[in-house]
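Here is the structure we will look at.
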Amino acid sequence: MFFLLDPFFYEIVISGLLAGVMYALVALGFVLIFKASGIFNFAQGVLALFAALTLVGFQTGQIPFAHLLSVFGFHVSHWGSGFPTIIALLFSLLVMIGLAWLIVQIVLKPLVNQEGIILFMATIGLAYVLEGVGDLMWGANVKELNVGLPEGPSEFILDTTDMFIDKLEISAAVVAIILVTVLTLFSAYTKMGRALRAVADDHQAALSVGISLETIWWIVWSVSGIVALVAGVMWGAKSGVQFSLSLIALKALPVLMLGGFTSIPGAIIGGLIIGLGEKLFEFYIGPMIGGATENWFAYMLALIFLLFRPQGLFGEKIIERV
Amino acid sequence: MLDSTDQKENLLQVSNIEVVYNHVILVLRGVSLNVLKGGITAILGGNGAGKSTTLKAISNLLHSERGQVTKGSIRYRDQSILNQNPSEMVRRGVIQVMEGRHCFEHLTVEENLMTGAYTRTDGKSEVANDLEMVYSYFPRLKDRRKSQAGYTSGGEQQMCAIGRALMSKPETVLLDEPSMGLAPQLVEEIFEIVKDLNEKEGVSFLLAEQNTNVALRFAHYGYILESGRVVMDGTAKDLRENPDVKEFYLGVSDKGRKSFRDGRSYRRRKRWLS
């Protein structure tokens, strides 16, 4: 057990786990929508991007559609110095809820009772539309996002244990824990949460007891829009708000296969396992096989899981009565 | 209650409805029926006769299956209920128990029952009272309240589905094929409970059944549907004694057993109401 003595080992474990939290945040949005409507929402990553763009836009006082307006001869770009962070966050939240309503009305409602694959394709379309609209509204340049979260290495941890841990990642973990706790309590103990799970199980039956699918979908897409906002803020603060942000959705895929598409705790644990596995593998095995393992390790792990436990670690078992 | 229901209030009135699925498939071609308050009304008929479609037209679940009422009218308490939301119907006191149970598999039995109270606004204690009421009619559900509905037996799931509907405090329950896939003894048990609910709680039932024998024993009035039309109706007693019904639906005839060759021509009585 030589590596247990290695101070590096613990640093890798912790930073792996914290990176995993970031993956989990994205995966969470997927799980919520998949559970409630059986839709694999391809647009989740773009939703995060759109949320982050909107937040930056409000923060810096950008005027939406400035480029479009300049075509018509209005040359404006900013209306002032922008809102304080907390107000901007609040407004972005409202935008995400409004966006959810639009998605339900325009995309989901006409497609009620269609095959899952058709809805999936609709979300692919949605992803491109949103990306385009985001570009048109706020411009395609890379933006810096600063929401006042602490950044840089934590001196306290550096002093006491000699480990290099980013404060931003710690705050991400705290935020994720709060988010998951709230969501779990909501879905287990409230009337709406129960209705949500009912819809997830059987649309038709939910309709028959008087649950309005539109309302439920709106709530679900709003919640996952809010989760996307949180994910967008975290990733944006880490690496700037740019259009490649929408690709984090691809990182969430192996997390979901591992944790199960229908489990909120699964998304978290899956994220942690992938983050941890990725870092450890890169550090210990990477040098032997030429490095750059982080690009494919997660997918390989997911593939192995698909072979032996297709519903994931915590996915709902497919109930079969005999 | 009684077979003579002349003075009873008319709750639901379906007149001459036509239903089309996917804009092309004509399923109902002029179905008319009445449901009296406090009665058990049965819609009988074979596969594909249009029983479920009739119920779904009333509960407005048709829409989500791409079906549409293209002609005729449906009135509940003298108000048109065409093109309402299913949730509005539940609020008005009409709830459907769908064919094949449709319990929420991953929810516990109790959670299933509680979803039935989704539209209610009359407070937690009222809902809790009704939960106890449902448990008193279905003691089996109380034993299994904490288990996932997906793992309960077919009979328990049917009870769970009926109990869930009762949790909405309905005036009328549309019961689709309650006997489906159940052992005869269980069918009997469930129909006894339906009768009890009807008599003690005053819930009106409109049930669609293939099992003519059981349905006519418990119902007060019956309609027989054949390829989207009502071909016969009458009190359950009359229908039970009608020679055609006996021969074609109950499988007995006054002349004893005979071959198909000797079967008499079926006197259809097609009704056209406007």
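How many angstrom lie between the C-alpha centres of the stretch A:54-71 and the stretch B:77-122?
Taking the Cα centre of each part, the stretch A:54-71 and the stretch B:77-122 sit 46 Å apart.
With a cut-off of 8 Å between alpha carbons and a minimum separation of six or more residues, what is the relative contact order of chain B in percent?
The value is 26 percent.
With each pseudo-label sitting 7 Å past Cα toward Cβ, what's the B:Lys142-A:Phe74 distance in nm, one decimal?
In this crude label model, B:Lys142 to A:Phe74 measures out at 6.7 nm.
Any idea what % of Cα-Cα pairs in the stretch A:136-254 are farther than 16 Å?
Above the 16 Å cut-off, the stretch A:136-254 has 72 percent of its Cα pairs.
Just to be sure I understand: if I project the alpha-carbon convex hull of chain B onto a plane and average over all orientations, what area do I get in nm²?
Details: hull surface 61.3 nm².
Result: 15.3 nm².
Can you figure out the FRET efficiency of B:Glu9 with A:Leu102, using R₀ = 45 Å and their beta-carbon distance, to the nearest 0.05?
Numbers: r = 45 Å, r/R0 = 1.01.
Computed FRET efficiency for B:Glu9 and A:Leu102: 0.50.
What value in Å³ per residue do you get for the convex hull of the alpha-carbon atoms in the stretch A:8-308?
Convex hull of Cα atoms, per residue: 153 Å³.
What percent does the relative contact order of the stretch B:146-259 come to when contacts are Cα pairs within less than 8 Å and at least six residues apart?
Averaging sequence separation for qualifying contacts and normalising by length gives 18 percent for the stretch B:146-259.
Which of the helices in chain A, when you take each full DSSP H run, stretch at least 27 Å along the axis at their Cα atoms and have an average Kyte-Doolittle score of 0.5 or higher?
Result, helices passing both filters: A:7-37, A:116-138, A:167-189, A:213-239.
Return the calculated 222 nm mean residue ellipticity for the protein assembly as shown, to the nearest 500 deg cm²/dmol, obtained by summing -39500 (n - 2.57) across DSSP H runs with n ≥ 4 and dividing by the residue count.
Here the helix-only value at 222 nm equals -15500 deg cm²/dmol.
Roughly what would the spin-label model give for A:Leu185 and B:Ala183, points 7 Å off Cα along C-beta, in nm?
4.6 nm
As a footprinting exposure proxy, order A:Val56, A:Val147, A:Val182 by other Cβ within 10 Å, with the fewest listed first.
Fewest-to-most ranking of A:Val56, A:Val147, A:Val182: A:Val182, A:Val147, A:Val56.
Over chain A, with a Gaussian network built from C-alpha contacts below 10 Å, which listed residue (A:Phe30, A:Phe91, A:Phe261) shows the highest mean-square fluctuation?
Result for chain A, Cα springs under 10 Å: A:Phe91 fluctuates most.
Report, to one decimal in Å, the Kirkwood hydrodynamic radius for the stretch A:154-205 based on all distinct Cα pairs.
By the Kirkwood definition, the hydrodynamic radius is 13.8 Å.
Over the Cα atoms, compute the radius of gyration (one decimal) and Dmax (the largest Cα-Cα distance, rounded to a whole number) for the protein assembly as shown, in Å.
For the protein assembly as shown, the Cα radius of gyration and maximum Cα-Cα distance read 29.9, 101 Å.
Please work out the Cα center distance from the stretch A:240-305 to the stretch A:86-145, rounded to the nearest Å.
25 Å
What are the principal axis extents of the Cα atoms in the stretch B:23-124, in Å, biggest first?
43, 31, 28
If you project the alpha carbons of the stretch A:17-114 onto the principal axes, what extent comes out on each, in Å, largest first?
For the stretch A:17-114, the Cα extents along the three principal axes come out at 45, 41, 20 Å.
Of the beta bridges DSSP finds with both residues in the protein assembly as shown, what % are antiparallel, to the nearest 5?
If I count the DSSP bridges inside the protein assembly as shown, around 60 percent turn out antiparallel.
Since every read-out is calculated from the coordinates, none of them should be taken as a lab result. As the structure is a prediction and not an experimental result, all values here were calculated from the model. Ideal geometry is used to build each Cβ from the backbone, glycine not excepted, and the neighbour counts take in all protein chains shown.
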